[in-house]
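First comes the structure, then the notes that go with it.
Since every read-out is calculated from the coordinates, none of them should be taken as a lab result. Since the model is a prediction, treat every value here as computed from it, not as a measurement. All Cβ positions, glycine included, derive from the backbone under ideal geometry; neighbour counts span all protein chains shown.
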Amino acid sequence: MPFDYLSTATLANIYIGLLGLAVLLYAILDGYDLGVGVLFPPRNEGFRDTMIASIGPYWDANETWLVLAVGLLLIAFPSAHSQILQALYLPATFMLLGLILRGVAFDFRAKVIATHKRKWDLTFKYGSLLTTLSQGYMLGIYVTGLRTDLWAQCFALLAAFGVTAAYMFIGACWLILKTEGELQRKAFQWAKRGLWVLSIGIVAVSVANLTLHSEVRELWLGTSMGFVLAAIPVACFAFLGLCGLVLARLPQAKGKGEWLPFMIALLVFFLNFLALGLSYYPYVIPGQVTILEALSDSDSLRFLLVGTAIVVPCILAYTVLVYRIFSGKAEQLTYY
Amino acid sequence: MDALILSRLQFGLNISFHILFPTITIALGWYLFYFKLRSDMSGHPVWMRIYRFWVRVFALTFALGVVSGVTMSFQFGTNWPGFMETVGNVAGPLLGYEVLTAFFLEATFLGIMLFGIRRVPNWLHTLSTLIVAVGTTLSAFWILALNSWMQTPQGHEVIEGIAYARDWSAIIFNPSFPYRLSHTLLASGLTASFLIAGLSAYRTLKGDNKLAPKIAIKTATYTASILIPLQIFAGDLHGLNTLEHQPQKVAAMEGIWETRQGVPLLLFAIPDEAKRTNHWELPVPNGASLILTHHMNGEIKGLNEFRGQHPPVAPVFFSFRIMVGMGMLMLLVAWAGSVYLLKQKPMPVWMLKWLALMTFSGWIATLAGWYVTEVGRQPYLVSGVLKTADAVTQIPPENVGLSFSLYLLLYLFLLVSYITTLRLICQRAVNIEEISDEERLSAQPARVEGMPPLSDKGADNAI
């Protein structure tokens, strides 16, 4: 068997790293297309058509990162997978219903009679919203260590709005990059508003997070590591501030640097994810189950790692290829 | 109702709804590649029209397949925790390889295939069409490897109730895999063929005299005529393989209670599990022995050999008859259609009506076939390793009941939307004005096949 030299602990780290990568890429990639969905303006069909065109070639592959993330959890940490998904049964069901509705609405809207198009557009909007709220709620309950008490529920609700705000913000940044004219001006407004909501959300969730687990509190507020770790929130808010400046100046920049807000959003996502990951490593269920306790058979993981080492670079390469092919402003979508 | 029966209903509903769409897209992907290739080689605009019509159907079908598939990856954990906890070491990597090698490939290149034709060189667009077809087929390869392993497991070792993988090539190429893979891929070919022929016939019946639906009917009917005898042959081999490895499933398919020689083939019967006998039998003497053992007096084991270890008989028995009956009907319709095509006569209205009626015949046969094999595996989830009842969730039944009701309503709504949208796509195609293909044809004496390239690509404005 290849990779025989990898110890169980190393395998656990590799797989939690891969899982983290899949979740992060999912949050960024499907994040912006979910955000575009939540931002869907009910009263402006022209905007909606362009917004759909801006995510058309990508959304399907974006969603696949969720399947990979759930798959990796299932494969590498099966007992955690079943424990988490049984605890989150109803929110997971609502998330799936949301994903189904928005996924099919995307296609139906282009093919039905004109009078039904708006109904599918609204299905797309509210399906996206249902998805983002459910994902935030699930993230919240997960972070508490699958608690069900009132405080955990409140924290999860806070996370639901936080995640939705984050997706709307990155969605708006995506639209700044991919659109022009009136819609782009609208996207600037959305991004500015989103920036405020997101900043408040990050503070609220981070503070609330410190109340959940004593280990996390010690990690962030304790003396030794605290100073190093403090760099993360400092950097995060520096970026958010920079984004505010950029958003104020860009409309006069005649199309230059339109990629900046999206890049900053991406970095903010990364930093928040990093903070979350550092808070709970080496747990796969916070405060409950560690990655080593939940790890499945090492030989099976080595077998899958062979394919992963070959295929994941290919996936990243052709994903980049597709983003290059469709770079530039979104065009009207025509099936060919 | 308890969580077990509700979870089974829910998973059955989900997987039944899901399979409708991949069973179309796997083969439709290859059809699209063929249409695109013909377009590239002949340069005749009609092939691109056919391509563009069917790529719409593909996009819609693919989207429904994706969203219903995502649901299933969650349900392993939500409803069947015991599945992954017991056989996860085997099932996990197979699912992992499916996601890594197939899902990303098809989802990413689908973007280029649907929206990229003006942005990429034509060869890359054709290649993307091919890659999407390869992706859907690879996906079938991995998921059927897992499903077949659940039917005929090997290459693993059970230690303290948990399965450990020992030989991956034995696991992947388990005894029922080659048969199930070919049977399923042929089923997909037939489903897509009848869909293409059926919707094109519907367009023609609605007064669409353009060339595109005529060529589509021809391509699909000929393909179906070739695939259906292959499918009957593959199905027979699959049946023999099942007899060897899962005799109790075959006994349920044939409604055989007692082990004996010279077993009749039951064209119809009503199995009575309480009394362990059949009513209203319509037998063909020695038929089952002949088909299953290829001897008039071959011995077949009956269900009574497997008391408490065999599947519920009636669903398996009737599903099998529906599948075979549908297959026979497909054979008749495809061959009758081919006779008209070979004689180069226009199809009469009744023939077109039959094709239109058979549009979704592949769905019925595919579902019935899957019910035979999946219900036929019960009471096991993984034959001899894990019982279905031992894998089920601890979630309160009310929650499962709620999610099941929501899924049921949503899927019914989506199914109706899908079919009405297909009809609408057809009606739109009928109504689009265009330069008559017949006019082009009258200038070009050649027949459809091997048509010489036409120079006037600019008029390529309609479907």
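Other chains near A:111-124: what is the mean number of their Cβ atoms within 10 Å of each residue's Cβ?
Details: counts 10, 5, 5, 0, 0, 4, 0, 0, 0, 1, 0, 0, 0, 0.
For this peptide, the per-residue mean of nearby foreign Cβ atoms is 2.
Multiplying the sequence separation of residue A:193 and residue A:221 by 0.36 nm and subtracting their Cα-Cα distance, what value in nm do you get? Before the final figure, lay out the partial values.
Values: separation 28, 0.36 × 28 = 10.08 nm, distance 3.08 nm.
Here the segment from residue A:193 to residue A:221 would lengthen by 7.0 nm.
By how many degrees, 0 to 90 and rounded to 10, does the Cα axis of helix A:150-178 deviate from the longest principal axis of chain A?
Tilt of helix A:150-178: around 50 degrees.
What does the charge count around residue B:80 come to, taking other residues whose C-beta lies under 15 Å from its C-beta (Lys +1, Arg +1, Asp -1, Glu -1)?
Around residue B:80, the charge tally is -1.
Which residue fluctuates most in the GNM of chain A (Cα springs below 10 Å): A:89, A:167, A:142?
Its mean-square fluctuation being the largest, the pick is A:89.
With equal scatterers on the alpha carbons only and no solvent term, can you work out the Debye log10 of I(q)/I(0) for the stretch A:111-251 at 0.18, 0.21, 0.22 1/Å?
For the stretch A:111-251 at q = 0.18, 0.21, 0.22 Å⁻¹, log10 I(q)/I(0) is -1.11, -1.25, -1.29.
Starting from the Kirkwood Rh over alpha-carbon pairs, what translational D in µm² s⁻¹ does the stretch B:1-122 have by Stokes-Einstein at 25 °C and 0.890 mPa s? Don't skip to the answer; put the middle values down first.
Working: Rh = 16.8 Å.
It comes out at roughly 146 µm²/s.
Return the calculated 222 nm mean residue ellipticity for the protein assembly as shown, to the nearest 500 deg cm²/dmol, obtained by summing -39500 (n - 2.57) across DSSP H runs with n ≥ 4 and dividing by the residue count. Could the numbers behind the result be given before it?
On the way: 30 runs with 581 residues, N = 799.
Theoretical 222 nm ellipticity from helices: -25000 deg cm²/dmol.
For the stretch A:1-97, compute Rh as the Kirkwood radius over C-alpha pairs and then the Stokes-Einstein diffusion coefficient at 4 °C and 1.567 mPa s; write the answer in µm²/s, rounded to an integer.
On the way: Rh = 15.7 Å.
The estimated diffusion coefficient comes to 82 µm²/s.
Return one quarter of the surface area of the convex hull spanned by the alpha-carbon atoms of chain A, equal to its mean projected area, in nm². List each step's numbers first, then the result.
Values: hull surface 72.8 nm².
Quarter of the Cα hull surface area: 18.2 nm².
For an R0 of 25 angstrom, estimate the FRET efficiency from the Cβ-Cβ distance between residue A:288 and residue A:6 and round to the nearest 0.05.
The formula returns an efficiency of 0.45 here.
Evaluate the charge dipole of chain A about its Cα centre and quote only its size in Debye, nearest 20, assuming +1 on the Cβ of each Lys and Arg and -1 on the Cβ of each Asp and Glu. Please report the intermediate quantities before stating the final value.
Working: 22 positive and 19 negative charges, 284 e Å.
Its charge dipole is roughly 1360 debye.
To the nearest 0.05, how large is the calculated FRET efficiency for residue B:332 and residue B:158 if R₀ is 35 Å and r is the Cβ-Cβ distance?
0.15
Given A:111/A:178; A:125/B:387; A:125/B:36; A:178/B:214, which pairs have Cα atoms separated by over 32 Å? Each step should come with its number before you reach the end.
On the way: A:111/A:178 24 Å; A:125/B:387 42 Å; A:125/B:36 35 Å; A:178/B:214 41 Å.
With Cα atoms farther than 32 Å apart: A:125/B:387; A:125/B:36; A:178/B:214.
Just to verify a number: FRET efficiency for residue A:204 and residue B:2, C-beta to C-beta distance, R0 = 30 Å, to 0.05? List each step's numbers first, then the result.
Details: r = 41 Å, r/R0 = 1.38.
Taking R0 as 30 Å, the efficiency between residue A:204 and residue B:2 is 0.15.
As I understand it, the dipole of the protein assembly as shown uses +1 on the Cβ of Lys and Arg and -1 on the Cβ of Asp and Glu, about the Cα centre. Which of B:432, A:96, B:82 lies farthest toward its positive end?
Value: B:432.
Run the quick spin-label model on residue B:259 and residue A:256: label points 7 Å from Cα toward the beta carbon, then report their separation in nm to one decimal.
Placing both labels 7 Å along Cα→Cβ, they lie 8.7 nm apart.
Nothing charged except the Cβ atoms of Lys and Arg (+1) and of Asp and Glu (-1): what's the magnitude of the dipole of the protein assembly as shown about its Cα centre? Round to the nearest 20 debye. Show your work: numbers first, answer last.
Numbers: 54 positive and 48 negative charges, 543 e Å.
Around 2600 debye, computed over the protein assembly as shown.
Along the charge dipole of the stretch B:1-148, pointing to its positive end and built from +1/-1 on Cβ of Lys, Arg, Asp and Glu, which listed residue (B:93, B:15, B:121) has its Cα farthest out?
Farthest towards the positive end: B:121.
When only C-alpha pairs under 8 Å and at least 6 residues apart count, what is the relative contact order of the stretch A:8-325, in percent?
Numbers: 360 pairs, mean separation 70.7, N = 318.
Relative contact order of the stretch A:8-325: 22 percent.
Please name which of A:209, A:267, A:197 has its Cα lying farthest along the dipole of the stretch A:152-303 towards the positive end, using unit charges on Cβ (Lys, Arg +1; Asp, Glu -1) and the Cα centre as origin.
The listed residue farthest towards the positive side: A:197.
Can you tell me, using C-alpha contacts under 8 Å and at least 6 residues apart, the relative contact order of chain B as a whole percent? Before the final figure, lay out the partial values.
Details: 674 pairs, mean separation 98.4, N = 463.
Worked out over chain B, it gives 21 percent.
Could you work out the pair-distance distribution P(r) of the stretch A:23-179 from its alpha-carbon pairs, with 10 angstrom bin width and percents rounded to whole numbers?
Pair shares across the bins are 11, 39, 32, 14, 3.
Based on the alpha-carbon gyration tensor of the protein assembly as shown and its eigenvalue square roots a ≥ b ≥ c, which shape applies: rounded if a/c is under 1.5, prolate if not and a/b is larger than b/c, or oblate? Let's see the in-between values first.
Details: a/c = 2.13, a/b = 1.21, b/c = 1.77.
Oblate, since a/c reaches 1.5 and b/c is not below a/b.
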